[in-house]
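Okay, so here's the structure we're looking at.
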Amino acid sequence: MRIKVYFARFVLFLIIFAILFVLTMIIFFVNLHTGMTPKPTIQKIISQSTSPPNGINANLKEEDYFSFIEDFGFKTNLSEYDKYMNPENRDEYLVLINSENPLAYDYTAADMIEVKDTRPGWPMQRLREYPAKALEALLIEARANGFSDITVTSAYRSYDLQTSLFNNEVAKYPNLGKEDAIAKAATVVAMPGTSEHQSGLCLDMHNKPAADVSFAKTDQAKWLAANCYKFGFILRYPEDKADITGISFEPWHFRYVGRYHATQMVNLKMCFEEYMEYLK
């Protein structure tokens, strides 16, 4: 009698299992053929494309990385600027410049061009070709969003000009000793050779009479900070990363790295120094 009961229970179990299996397969194939499978988010793409401790998968193609992004929400047609926002050699502009990675005194890039959106009445500014053209796209889109008063006040600076700016900053602290004055100045103005401006890859842009942290409270600054990565730029010196960058908050200072790496930094919530360490 017991054997019959056990056998009946086993048969019932097999029937239930078979029904559940069939239902699961039906749901799977329905989803597969009706497009109901959720589309991966870019954060998931990042997690799938990394393999600690070596960081981001170097074999991940840029077009694959952005294949799940259908629209950046641009209000203007920026197709002619695609190659500048999204350089084919995505690592060419990934050069960390700071106190530990200075540029030579005589460094000047060969592909410098004029910046169209230099502030009227100011000396014509220059950048390397790719950041200059990507910047054009960024400010075209900014104007389409109602921000027509953002202009560039500083871009490329020679070593000598940076020296003059730094010495002027040091002179603001006459009550400090020489070493303390230099250390204080270095948190505001990069020391000669350590400034990104010498690379031709960064710029200062805002709508203020002069660069000031109050710019961060404007709608213009908020839009730039939220959207600059789409054009290949990062906000180089964020407020919450000053202890890492060694430079105080500069809501007007943007650095070109190309869209791929800019997007990575935004999603990983890393400043440039953290990101370069992450890639090692």
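The separation of the stretch 145-189 from the stretch 204-234, counted between C-alpha centres, amounts to 18 Å.
Using bins of 10 Å that start at zero, the share of Cα-Cα pairs per bin across the stretch 139-184 amounts to 23, 27, 21, 21, 9, in whole %.
Each 10 Å bin from zero up to the one holding the largest Cα-Cα distance in the stretch 150-280 carries the following percent of pairs: 12, 40, 36, 11, 1. Residues in the stretch 149-280 average 42 Å² of solvent-accessible surface per residue, probe 1.4 Å, ligands and nucleic acids excluded. Extending 7 Å from the Cα toward the beta-carbon at both SER248 and SER79 defines two label points whose distance is 4.7 nm. In this view, the solvent-accessible surface of THR163, computed with a 1.4 Å probe and all protein chains in place, comes to about 40 Å². Rg and Dmax over the alpha-carbon atoms of the stretch 165-239 stand at 14.8, 45 Å. Answer rounded, prolate or oblate for the stretch 68-146, using the Cα gyration tensor with square roots of eigenvalues a ≥ b ≥ c: rounded when a/c is under 1.5, else prolate when a/b is larger than b/c, else oblate. Taking the square roots of the gyration eigenvalues as a ≥ b ≥ c, the stretch 68-146 is oblate. Between SER214 and THR108, the distance separating the two model label sites (each 7 Å from Cα on the Cα→Cβ line) works out to 3.7 nm.
Other residues whose C-beta falls under 14 angstrom from the C-beta of THR187 contribute a net charge of -3, scoring Lys and Arg +1 and Asp and Glu -1.
List, in the order given, every pair from LYS184/LYS269; LYS172/LYS280; LYS230/LYS280; LYS172/LYS241; LYS133/LYS172; LYS208/LYS241 whose Cα-Cα distance in the structure shown is over 32 Å. Distance filter (> 32 Å) returns LYS172/LYS280; LYS133/LYS172.
The values are calculated or read from the model by the stated rules, or taken from the named source; none is laboratory data. Just so it is clear, the structure is predicted and the values come from calculations on it, not from any experiment. Cβ sites come from the backbone with ideal geometry, for glycine too, and all protein chains shown count toward neighbours. Each accessible area value is taken on the protein alone, full model and side chains, heavy atoms only, with ligands, DNA and RNA left out. Shrake-Rupley method; radii C 1.70, N 1.55, O 1.52, S 1.80 Å.
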